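Engineer: Dropping the structure in here first, questions after.
Just so it is clear, none of the values below were taken in a lab; they were calculated from the coordinates. From a predicted model like this one, the values you see are computed outputs, not experimental measurements. Here the Cβ is made from the backbone with ideal geometry for all residues, glycine too, and neighbour counts use every protein chain on show.
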Amino acid sequence: MRANAIGYCAMPLVKSTAIVLRSRKWGDADRIVTCYARSLGKIRGVARGARRQKSRFGAALEPFTVCRLDLFEKPGDSLFRISHVDVTTSFQSLREDLGLMDSAARMVNVVAAITPDGDPDPLLFDTLERGLSSLHQSKDPAYTALLFQIRLLGLTGFRPQTDHCVACGKVQLTGGPQFSPVAGGLVCLVCAARQRVRCLPLSPGSLAFLQQAVRLAPELVTRLRASGQVRSEIEAAIEGYVTVVAGKRLPPVDFLSSARSV
């Protein structure tokens, strides 16, 4: 025990504010927790004994929680050891309503899928925290999550190209614009026929919406409104593009119930 205690204390202590993205069972009583930390970026840590009934962590490591973490970092090991957690904002209501939970899950899943490990971006952290907070006041959480995804794509360098054909460079797109998730933006009809994945046609209203969404400052994007055909087309385009950027289809909302199971 003495040797273990000395080794544990010898590891550097790191403190950071973080948002819990997801957690999974590990071993008999532990959890592996994925967080986006303001000063560290996306990290993973092990919470020893977190699944025990009288765990000191309690519900502090639930998805969406904003917390202050005490971490021990072992040189050469990408997995931190979580020693202490102080909850800043629990966002408990996001886990109690299926609609809110689905939208919040979409937000944290996108962050988990398209951000690299250990690459901090305080603006991204603040955007995610504000996004989760905005769900409480939103009358349409799914639309709020859609706008968040568009903002996040811009922040992470994956902003969709909407000014010209990304394949041939043509500016004037006759015959109706097509969105290519694989190419990451608009393509002309000729280039659309050459894409290995089916492109998505965009109506003039959808194109105008997407062009405004990628150009506006993040705090102004929420002023945009979309319904009917425009919303359906934008949702399909962003869903397809996020899947390509992430390299996989994002997990469904039920990942939360499995994360909470003991």
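Engineer: For the chain, what is the calculated [θ] at 222 nm in deg cm²/dmol (nearest 500), taking -39500 (n - 2.57) for each run of four or more DSSP H residues and dividing by its residue count?
Structural biologist: Numbers: 9 runs with 99 residues, N = 262.
Taken over the chain, the calculation gives -11500 deg cm²/dmol.
Engineer: Shape verdict for the range 75-137, please, from the Cα gyration tensor: rounded (a/c under 1.5), prolate (a/b greater than b/c) or oblate.
Structural biologist: Cα axes put the range 75-137 in the prolate bin.
Engineer: Only Lys, Arg, Asp and Glu count, each charged at its Cβ (+1, +1, -1, -1), so figure out the dipole size of the chain about its Cα centre, rounded to 20 debye. The partial results should precede the final answer.
Structural biologist: Working: 34 positive and 22 negative charges, 105 e Å.
For this selection, approximately 500 debye.
Engineer: Same structure again: Round to the nearest 10 and give me the degree value, 0 to 90, for the angle of helix 98-114's Cα axis relative to the longest principal axis of the chain.
Structural biologist: Approximately 90 degrees, to the nearest ten.
Engineer: Can you tell me which lysines have their Cα less than 16 Å from the Cα of LYS42? Leave out same-chain residues fewer than eight positions away.
Structural biologist: Candidates past the 8-residue exclusion: LYS15.
Engineer: Using Cα-only point scatterers and the Debye equation, what is log10 of I(q)/I(0) for the chain at each q in 0.09, 0.10, 0.13 Å⁻¹, rounded to two decimals?
Structural biologist: Cα-only, vacuum Debye calculation for the chain: -0.46, -0.56, -0.85.
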